[in-house]
Structure formats: structure tokens, C-alpha cells
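The values are calculated or read from the model by the stated rules, or taken from the named source; none is laboratory data. Only a predicted model underlies this, so the values are computations on that prediction, with no experimental measurement involved. Positions of Cβ are generated from backbone atoms using ideal geometry, with glycine treated the same way; all protein chains shown enter the neighbour counts.
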Amino acid sequence: MLRAEHIEKSYNGTQVLKDVSLNIKQGEKVVIIGPSGSGKSTLLRSISGLEKADAGSVSYKGVPIREKGAYDRTEIGMIFQSFDLFEHLTALENIMLAPVLVHKENKERAKEKAMELLEIVHLSERADYYPQELSGGQQQRIAIARALAMNPKLMFFDEPTSALDPEMTVEVLDIVVELVKGGMTVVIVTHEMEFARRVGDRVVFMDQGTIISDMPAERLTMSAAENPRIKQFLSQLG
Ligand code: ADP
Ligand code: MG
């Protein structure tokens, strides 16, 4: 579904991604872990088309991702650590906005769908609330509903719960688990190892701009025993 090959990326002369290659199959659940600053967010931005890599290639369903109009950008959804909701719009309006503006959906239909999505993220009763009236966990669930409103085929999550306290983290991760059960292809950067084991088919470990390990999730414990860097990282998470 997505093929990234030999990606290189530098900022101000410092190389942040070094010859990174990653393939994602349809329906696959890929978890990316690794220390802060190892290049996880940069990798997600580079392979989702948000940012241009200095070298290498990324294709989505066989089409180069940077080619203008080559594929439907809205097939790829992205969720960030910061929820980035539009503050002056209600939860419902946040979810309806892109379908109406980008997909030119009829407003009534978009509203119906937004209400269905609010139900999926268990926030039907908060439809008319503004972001600042919602908890962090609720805002992130609205952000997920907003992404889903565009019918993405592939979703990237960049530490979706790292700004949340443990209770809200569970609320958000439960929604991701539901999505995954529905067959969505997902790539998730997370430090939540229990969750990673639960939903991940594959665990990719990044360190200093390279992928140092890419393995089936069930091998994680074994790899940690064999690889001192992974072992150290996991022990820091506690
Ligand atoms: P991670 O998500 O694993 O914590 P990042 O991809 O955010 O790592 O960052 C990797 C490195 O690249 C860090 O040293 C960071 O400071 C640097 N970096 C990331 N984005 C930028 C940017 N837009 N401009 C300059 N440096 C950046
Ligand atoms: Mg990051």
C-alpha cells in the first residue's frame, strides 16, 4: 500500500533520517517506537507526503506520493499529539468541515455522517461543545472522528496520547483498537507498549535516524533480550 525507499532527510545540515526504507501492506498495523529525537515524527511526515524528503522515494498504491493529483490525498489521515481542532468551531462543525469543503458533500449528509462518527468515538452528547469545553482525551477523539470523516484508507498516529493523562489515554487507545478491528491500515508512533503489543502486527524500532529493527510484534520481548538498545529503551519506559 505504501512503499518508502532510501529516505534521507536533513535539517540545517543535521541528518535526521538516514537511508530509511519501510513498506506497509494493506490492513497492516505497524507500531513505531524509539527514543525521542530518533526521527519518528520526521519519518511519518516524510512518508505521508506532508514533508518532502531530500532523497529516496515514497509511493502510495504504486503512485509517487509527491506527484500532484496522482492520488487522492484524503485517503491518508494523520493524527498528532496536539489535537489541532479549530477552536471557533463546535465538535460537530470540526468533523463536518473538510467533507463539505474538500469533498463537496451536501451539508445534511455531512452532518448525518458526523453524528455517526461522534457515536463511534462515544461523544454524541458533546456535538455542540467547543474544543476548550472538552477534555484532552475528548478533543483527541474528536480529532480522530474528524480524520475518519474523510474516509481515509491509511491512518498515521503520531504519539496520539502523549499529551494525555492515563485515564484519557485509555479512552483514546480504545478508539484506535476499534478502528484496527475494523481493518484500517494504521501506522502508530507510541510509547504505550501494552497497546503496541495488543494492536501491532509489526514493531519498528528507530534509533538515531535509522530503523534498527523491524519485527513481528510477538518477537518484541525476544528482540529486547538480544538488542541492548531496544532493551535499554523499553526499560526506561518502565
Ligand atoms: P522523534 O519524533 O523521534 O522524537 P523527530 O522526527 O521529531 O524525532 O526529530 C528528529 C530530529 O530532527 C530531532 O533532532 C529534531 O530536533 C530534528 N527536527 C525535527 N523536525 C525539525 C524541523 N522542522 N526543523 C529542524 N529540526 C527538526
Ligand atoms: Mg515525535
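Of note:
- Matching option when the condition is within 16 Å of ligand 2 (Cβ to nearest atom), in contact with a helix residue (DSSP H, G or I) (Cβ under 8 Å, 6 or more places away or on another chain) and of a type in the set (A, V, I, L, M), among Ile175, Ile188: Ile188
- Single unsatisfied condition, Phe86 versus (1) assigned to a loop (DSSP other than H, G, I, E, B); (2) surrounded by 14 or more Cβ atoms within 10 Å (Cβ to Cβ): (2)
- Just one of the listed residues (Ser48, Ser57) is closer than 26 Å to Val31 by Cα, surrounded by 13 or more Cβ atoms within 10 Å (Cβ to Cβ) and within 18 Å of the chain's Cα centre (by Cα), namely Ser48.
- Filtering the stretch 94-121 to residues that are closer than 23 Å to Phe157 by Cβ and buried (at least 18 other Cβ atoms within 10 Å of the Cβ) leaves Asn94, Ile95, Met96, Pro99, Lys113, Ala114, Leu117, Leu118, Val121.
- Candidate set: the stretch 11-45, residues that are surrounded by fewer than 22 Cβ atoms within 10 Å (Cβ to Cβ), on the phi > 0 side of the Ramachandran plot and near ligand 1 (Cβ under 7 Å from one of its atoms); chosen: the one nearest to the chain's Cα centre (by Cα): Gly37
- Helices (runs of 4 or more DSSP H) wholly inside the stretch 120-226 that include at least 3 residues being more than 16 Å from ligand 1 (Cβ to nearest atom) and charged (D, E, K, R): 166-181, 193-199
- Residues of the stretch 184-195 classified as at pLDDT below 95 and closer than 24 Å to Glu5 by Cα, total: 2
- For the stretch 206-221, the candidate set comprises residues that are among the small types (Gly, Ala, Ser) and within 21 Å of Ser235 (Cβ to Cβ); within that set, the residue that is surrounded by the most Cβ atoms within 10 Å (Cβ to Cβ) is Ser213.
- Hey, Arg109 part of a helix (DSSP H, G or I), over 30 Å from Phe233 (Cβ atoms) and touching a residue at least 60 places away in the same chain (Cβ under 8 Å) or not: no
- Filtered residue count, the stretch 197-235, keeping only those that are touching a residue at least 60 places away in the same chain (Cβ under 8 Å) and out of contact with any helix residue (DSSP H, G or I) (no Cβ under 7 Å at 6 or more places or on another chain): 7
- Single condition Lys104 does not satisfy, out of (1) away from ligand 1 (no atom under 16 Å from the Cβ); (2) assigned to a strand (DSSP E or B): (2)
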